[in-house]
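Here's the structure, in structure tokens; my notes come after.
What follows draws every value from the coordinates through simple rules; no lab data is involved. Keep in mind that this is a model prediction, so the values were computed, not measured. Here the Cβ positions follow ideal geometry from the backbone for every residue, glycine too, while neighbour counts run over all protein chains shown.
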Amino acid sequence: MKITKKNLVGFLKKATMSAEQGISEAILDFQKDGLKLNANSPPKQVRVMAWLKTSAFKEYEEIGKVGMNDLANVIKVLERFDELLTLTVEGNLLTVKSGSKKVEIELISEAFLTTDDGEPKLEFAETFTLDNGKVKEIVGDVSLNKDAYLKIETAEKKVLFSNTGKYKFHSEVEAPACKGGVIVNFGKPLVDSIASLDSDLIFSVSTDYPTKVMEKTEDAIITLIVAPRMPDE
């Protein structure tokens, strides 16, 4: 298989998230329609379902499931190569080559990894889209506070964002499809799960209920299910 470093590293950073939600091990499933990664974060506060389409690859091969751990360092290893990567799997080794340089990465048996396939069946009251600039702004506002949580509240044709903490920000975003009535709070898991996402995000929410966050690009779809912060927490 051949793929640009930008496409592969970008996908893995988004799929493995960051900080406390960072995923260190997972099964990379090279299916007919592309690479898929389904995993729960270590605290089980976020579930990620990620799909890198075959269109993201220069050359693609359906090789099935590959178990990997130490994913944060695997990403750092991939970043040390030139732009075009060639990937081959033989036995328990993944070989990555670019030009005259290569690395062999030990794989682990999928029997030692636990994962859940598919997306949980959830129903949501409201769905709205935030452009990436607004997402970064809201996350940046919340992050100025320590241990703050973010409140999302829908109203007629708009969504209201506010946060706890010393610096209490309030933002309002137009959302033509919203009817209003949903109130849900999120803590740092939401911030950690979307930190690497760099496109517009589709949020599906209900009161005191997990949210679904989706990033759709030409070559990939990242879907996150994030647990809410309940009022008594």
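Observations
- Efficiency of FRET between Ile202 and Ala111 - r from beta-carbon atoms, R0 41 angstrom, step 0.05: 0.70
- Cα→Cβ-extended label distance, 7 Å offset, between Glu83 and Glu62, nm: 3.1
- Taking 0.36 nm per residue of sequence separation and removing the Cα-Cα distance, the Ser24/Ile183 pair yields an extension gain of 54.0 nm.
- Surrounding net charge for Tyr167, when Lys and Arg each add one and Asp and Glu each subtract one, Cβ distance under 14 Å: 0
- Across the chain, C-alpha contacts under 8 Å between residues 6 or more apart give a mean separation that, scaled by the residue count, equals a relative contact order of 21 percent.
- Averaging the sequence gap over all C-alpha pairs within less than 8 Å and six or more residues apart, then dividing by the number of residues, gives the range 126-226 a relative contact order of 27 percent.
- Across the range 2-112, the convex hull enclosing all Cα atoms gives 94 Å³ per residue.
- Calculated Rg and Dmax of the chain using C-alpha coordinates, Å: 18.9, 59
- Summed residue charge, Cβ within 10 Å of Lys14's Cβ, Lys/Arg positive, Asp/Glu negative: -1
- Exposed-site-free run, longest, the chain (rule: trypsin sites (Lys or Arg not before Pro); DSSP loop; at most 16 other C-beta within 10 Å): 180-233
- The residues packed around Ile3, meaning those with a beta-carbon under 13 Å from its beta-carbon, carry a net charge of +1 if Lys and Arg are +1 and Asp and Glu are -1.
- Projected area, mean over directions - the range 126-226, Cα convex hull, nm²: 5.8
- Between Lys146 and Thr127, full extension at 0.36 nm per residue minus the direct alpha carbon distance yields a gain of 4.0 nm.
- Per-selection Kirkwood Rh - the range 104-176 (Cα, Å, 1 d.p.): 15.6
- About the centre of its Cα atoms, the chain shows a dipole size close to 440 debye [charges on the beta carbon of Lys, Arg (+1) and Asp, Glu (-1) only; nearest 20 debye].
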